[in-house]
Amino acid sequence: MNRAPGHMVTSSRAVRVVFLGPPGAGKGTQAKMLQERYGFRQISTGDMLRANVARGTALGLEAKAFMDAGGLVPDDVIVGMMEGELGSAAGSTGSSFILDGFPRTVGQAVSLDEMLQRMGLPLTAVLLFDADRDTLVARLTGRWTNPRSGRTYHAVFNPPKTAGIDDDDGEPLVQRHDDTRDVVLDRLATYDEKTKPLIDYYAGTGLLERIDGLGAIDEVTGAVFGALDLPAGTEPA
Ligand code: AP5
């Protein structure tokens, strides 16, 4: 199920969390769930980059070739983009946010620490989602995405009520250019090489919690709420 219960629940604590894990592990799915349930802002560098590509901005033009090839957009581009985004997040949403897909290199993680220290908003958690390679490939090659909202479905695991149409806003769903099998394999290799070292980076901070991404979406959501010590109740607080 991709639906969150209708009620938004209030958390009295700030939650500033990094969602780490390979492509297809369920980071975006769970970030959207937290955003809907608690109002925490999902900050997805992938969604931001795709929006820039769609608008044809200079940043989008620079990023597109890296994204289409399953590589990473250079750190200076990403860090520049996130400086602005985190500044506005700090001012406009209290201080809770979910970083979905950032940082992705040790260099980005060091820059993030510096930014958050300047803002006085340290991370409260880092969740590492994982699943085996065959599952990741099956999830990504069957994924359908709403390009406007970033909401995702899956042809088999989480189908929309009407094929090709978003349940929420009726937008047509598309398959991402980088969700073909060949590019997915390149993205997984990039993750192993560039992003996996972040597991050691965060292991030393005491913030890292592992989430088994293999269960059903609702089960993973329960594990996320538990790891973040959030009220999972279906009634509003
Ligand atoms: P980005 O958009 O961040 O892609 P990604 O990290 O590859 O992550 P995905 O969105 O593919 O996976 P996800 O874990 O969010 O899975 P989802 O929840 O959708 O980045 C795209 C590109 O932009 C990168 O390759 C790079 O080029 C560039 N980029 C972005 N950030 C960057 C950065 N910081 N630095 C440099 N470059 C950057 O789930 C996948 C599917 O599985 C869905 O269909 C979903 O319905 C289904 N599903 C989810 N959970 C379950 C479950 N528990 N059971 C069954 N199905 C499930």
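Let me check I have the definition right: for segment 118-203, take the eigenvalues of the Cα gyration tensor, multiply each by 5, take square roots. What are those semi-axes in whole Å, largest first?
Values: eigenvalues 160, 74, 27 Å².
They are 28, 19, 12 Å, listed from largest to smallest.
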Expressed in whole Å with the largest first, what are the equivalent ellipsoid semi-axes of segment 19-145 derived from the C-alpha gyration tensor as the square root of 5 times each eigenvalue?
23, 19, 14
With θ set to phi - 60°, apply the Karplus curve 6.51 cos²θ - 1.76 cosθ + 1.60 along segment 64-72 and write out the HN-Hα couplings as whole Hz, x wherever there is a Gly or Pro.
4, 5, 5, 5, 5, 8, x, x, 9
Which one, Ala131, Gly56, Thr162, is farthest towards the positive end of the dipole of the chain when Lys and Arg carry +1 and Asp and Glu -1 on their Cβ?
Thr162
Taking amide H positions as placed 1.01 Å from N in the peptide plane, with prolines and chain starts having none, which residues 5 or more places from Val15, or on another chain, fall under 5 Å of its amide H?
Ser96, Phe97
Test item: Cα-centred dipole of the chain, Lys/Arg +1 and Asp/Glu -1 on Cβ, debye:
300
For segment 169-214, the dipole about the Cα centre with charges only on Cβ (Lys and Arg +1, Asp and Glu -1), to the nearest 20 debye, works out at 160
The chain: antiparallel DSSP beta bridges as a percent of all, rounded to 5:
25
Once you place label points 7 Å from the Cα toward the Cβ at Met115 and Arg210, how far apart are they in nm?
2.9
Place a +1 charge on the Cβ of each Lys and Arg in segment 140-237 and a -1 charge on the Cβ of each Asp and Glu, then give the dipole magnitude about the Cα centre in debye, rounded to the nearest 20.
260
Taking H placed 1.01 Å from N in the peptide plane, check which residues at least 5 places from Trp144 or on another chain put their amide H under 5 Å from its amide H.
Tyr153, His154, Ala155
The chain: calculated mean residue ellipticity at 222 nm from DSSP helix runs of at least 4, using -39500 (n - 2.57):
-13500 deg cm²/dmol
What residues from segment 69-85 fall in the zone where the backbone N is under 15 Å from a label point 7 Å along the Cα-to-C-beta line of Glu62?
72-85
Quick one: what are the phi-derived ³J(HN,Hα) couplings along segment 145-158, Karplus 6.51/-1.76/1.60 with θ = phi - 60°, whole Hz, x for glycine and proline?
10, 8, x, 7, 9, x, 4, 10, 10, 9, 3, 10, 7, 7
Where only protein heavy atoms count, and the probe is 1.4 Å, what is the accessible area per residue for the chain in Å²?
46
Quick one: which residues, 5 or more positions from Ile165 or on another chain, have an amide H under 5 Å from its amide H? H modelled 1.01 Å from N in the peptide plane, none for Pro or chain starts.
Leu173
Everything considered on the Cα gyration tensor (a ≥ b ≥ c; rounded for a/c under 1.5, else prolate if a/b is larger than b/c, else oblate), the chain must be described as rounded
Which whole-Hz ³J(HN,Hα) couplings does segment 18-33 yield from phi under the Karplus relation 6.51 cos²θ - 1.76 cosθ + 1.60, θ = phi - 60°, glycine and proline marked x?
9, 9, 10, x, x, x, x, 6, x, 4, x, 4, 6, 5, 4, 4
The percentage of the accessible area of the chain (probe 1.4 Å, all protein chains present) made up of carbon and sulfur atoms, to the nearest whole number, is 54
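The values are calculated or read from the model by the stated rules, or taken from the named source; none is laboratory data. Please read all numbers here as calculations on a predicted model, not as lab measurements. No Cβ is skipped: glycine too gets one built from the backbone with ideal geometry, and neighbour counts run over all protein chains shown. Accessible surface is based on the protein model in full, side chains and every heavy atom, while ligands, DNA and RNA are left aside. Shrake-Rupley method; radii C 1.70, N 1.55, O 1.52, S 1.80 Å.
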